[in-house]
Amino acid sequence: MPGFAKHRDIWRIAGPVMLGNFSVPLVGVVDTAVVGHLSDARYLATVAFGAATVSLVFFLFGFLRMGTGGLVAQASGAGDADELGLVSYRALALGLLLGAVIALASPGIVAAAAWVSGTQGEVAALLPDYLYPRLLSAPAALANFVILGVLISLERAGLALLVQLLLNGCNVALDILLVTVLHWDVAGVAIASAVSEILACAAGVWVLRRALHQRSVQRPPLTVLRRAPGWPRLLLVNRDILIRSACIVGCFYTLPVLGARFGETTLAANGVLMNFFILVSYTLDGFAHAAEVQAGTAYGARDRKLLRERVQLGTAWSMATAVVISAVYAVLGPTALAALTDLPEVLQTAERYLPWLVVSPVLGALAFQMDGVYFGTTHTATLRNAMLLSCALYAGLLFLCVPAWQNHGLWFAFSAFMLSRGLFLLARYASIEQTLPANRAD
């Protein structure tokens with residue numbers, strides 16, 4: 001039974017996270033469906049570009065979940081209720097503050113997005129209708145990052161799932177009401193997302209306070225939150241993760257940018273394949289969250305043996321799942337591609353590059369898993385440095401391989417980027433254990 005309990009503990013965290021992640025694409029599908037049935041394609045174009053812009057801005061602040069999660073897991077593992085409360089409420093305050101900055105900067109972001117899009121006429125005119133409501137809800141959106149990070153790190157992934165389902169469920173219902181019934185078009189889609197973020201934030205704060213109270217955590221007074229000790233570590237951890245996130249955005253952005261050089265058909269085919277890669281990331285991200293929590297609690301407890309056991313077991317589950325996904329893509333890949341597009345030239349091109357998708361789960365599994373380990377132990381400087389090395393390798397391979405192999409070269413470079421991230425972090429893993437006292441068995 002003890003052996004079974006170890007596996008159960010991983011899935012108790014990973015399972016709800018996966019379910020919550022899978023609910024995210026549903027929102028995109030509903031957004032596309034309600035707008036895609038309107039009278040003009042400009043509505044769909046506006047929502048597509050606006051959503052990508054908001055996702056990019058918010059993704060850069062994903063460190064609020066990842067960095068906070070590691071610090072919370074360590075405080076939980078050490079049994080330090082005071083530190084647990086300070087980290088959680090400080091991160092929540094930081095999220096609200098940064099969200100307010102985004103909201104205040106929304107006119108500049110809207111102007112920049114319109115310039116980058118290069119759109120003219122009615123699409124450019126509609127873009128502010130979408131962006132302003134979404135950006136003004138940034139304080140709630142960033143606070144939700146913190147709430148989810150804390151709940152998952154407290155091993156209350158089921159509560160995190162409920163908050164995520166509330167957000168996505170409200171979004172779907174409001175999409176239908178505001179767009180289909182009230183005909184608010186682009187503004188309706190944006191308002192639906194903004195209101196859903198705010199409602200989820202309100203519910204999440206209530207759930208978070210109850211979860212912390214069960215750990216004997218009392219809300220600290222504002223004077224304690226303003227004290228300098230504790231803030232530098234939180235900010236340094238988040239700085240490193242911000243750099244890492246910016247690198248990921250840049251590397252992923254090269255796929256559509258460079259893919260466009262090979263024509264619209266190749267660009268569309270790459271887009272179809274990346275949809276399936278995103279599903280891979282949603283799945284393996286569940287194990288990354290489990291690794292963050294379990295590695296963080298073991299690290300906070302200063303238990304080297306427990307840390308090693310949890311890292312090994314979690315990595316085994318992540319790699320096994322990746323092999324299964326690769327096998328499914330190898331067998332059902334052509335059928336899955338046909339479900340997304342019936343354009344013969346796009347389908348034929350996507351099938352040509354399908355082998356890169358098939359191997360992507362296995363090549364990327366270690367990167368996802370080690371990310372979680374480094375988040376949980378807050379060795380974020382190493383995480384940042386490994387990302388910079390992988391980006392340098394990626395840039396070099398793009399320079400050498402894309403001119404020679406064109407789109408195959410692009411996918412080769414991207415695959416090497418994902419593999420190198422995991423290998424670089426694995427090579428430095430021993431340095432994490434060395435910061436802990438050796439167990440007697442060691």
- Query: Counting only protein heavy atoms and using a 1.4 Å probe, what share of the accessible area of the chain belongs to carbon plus sulfur, as a whole percent?
  - Reply: 68 percent
- If amide H atoms are built 1.01 Å from N in the plane of the peptide, which residues on other chains or at least 5 residues away come under 5 Å of the amide H of Trp184? Val179
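Given Cβ point charges of +1 (Lys, Arg) and -1 (Asp, Glu) and nothing else, what value in debye, to the nearest 20, does the dipole of segment 85-187 about its Cα centre take?
Here segment 85-187 has a charge dipole of around 380 debye.
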- Query: Tell me, what ³J(HN,Hα) does each residue in segment 80-87 have, in order and in whole Hz, if you take phi through Karplus 6.51 cos²θ - 1.76 cosθ + 1.60 with θ = phi - 60° and put x for Gly and Pro?
  - Reply: 9, 5, 5, 5, 4, x, 4, 4
- Can you give the accessible area of Glu83 in Å² (nearest 10), computed on protein heavy atoms with a 1.4 Å probe? 60 Å²
- Query: Gln406's amide H: which non-local residues (gap 5+, or another chain) put their own amide H closer than 5 Å, with H modeled 1.01 Å from N in plane and none for Pro or chain starts?
  - Reply: none
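Counting Lys and Arg as +1 and Asp and Glu as -1, each charge on the Cβ, what is the dipole of segment 301-442 about the Cα centre in debye, to the nearest 20?
640 debye
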- Message: Run the helix sum for the chain: -39,500 (n - 2.57) per DSSP H stretch of 4+ residues, divided by residue count, reported at 222 nm to the nearest 500 deg cm²/dmol.
- Response: -29500 deg cm²/dmol
- Note on the structure: Mean accessible area per residue over segment 134-174 (1.4 angstrom probe, all protein chains present, square angstrom) is 27 Å²
- Of the residues Thr46, Thr68, Thr265, which exhibits the maximal mean-square fluctuation in a Gaussian network model of the chain defined by a 10 Å Cα contact cut-off? Thr265
- Note on the structure: Using alpha carbon centers only, segment 389-442 is separated from segment 165-187 by a whole-angstrom value of 41 Å
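Which whole-number value in Å² is the accessible area per residue of segment 323-395, probe 1.4 Å?
Here the residues of segment 323-395 average 41 Å² of exposed surface.
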- Task: For segment 341-361 and segment 55-100, write down the distance between their C-alpha centroids in whole Å.
- Result: 39 Å
- Item | Top positive-direction residue, dipole computed over the chain with Cβ charges, set Ser193, Ala105, Val146 | Val146
- Could you work out which residue, out of Ile102, Ile243, Ile278, moves most in a Gaussian network model of the chain, that is, has the largest mean-square fluctuation with Cα springs under 10 Å? Ile278
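The values are calculated or read from the model by the stated rules, or taken from the named source; none is laboratory data. Values in this document were obtained by computation on a predicted structure and should not be read as measured data. With ideal geometry, Cβ positions are generated from the backbone for all residues, glycine too; neighbour counts draw on all protein chains shown. Heads up: the accessible areas ignore ligands, DNA and RNA and are worked out on the full protein's heavy atoms, side chains in. Shrake-Rupley method; radii C 1.70, N 1.55, O 1.52, S 1.80 Å.
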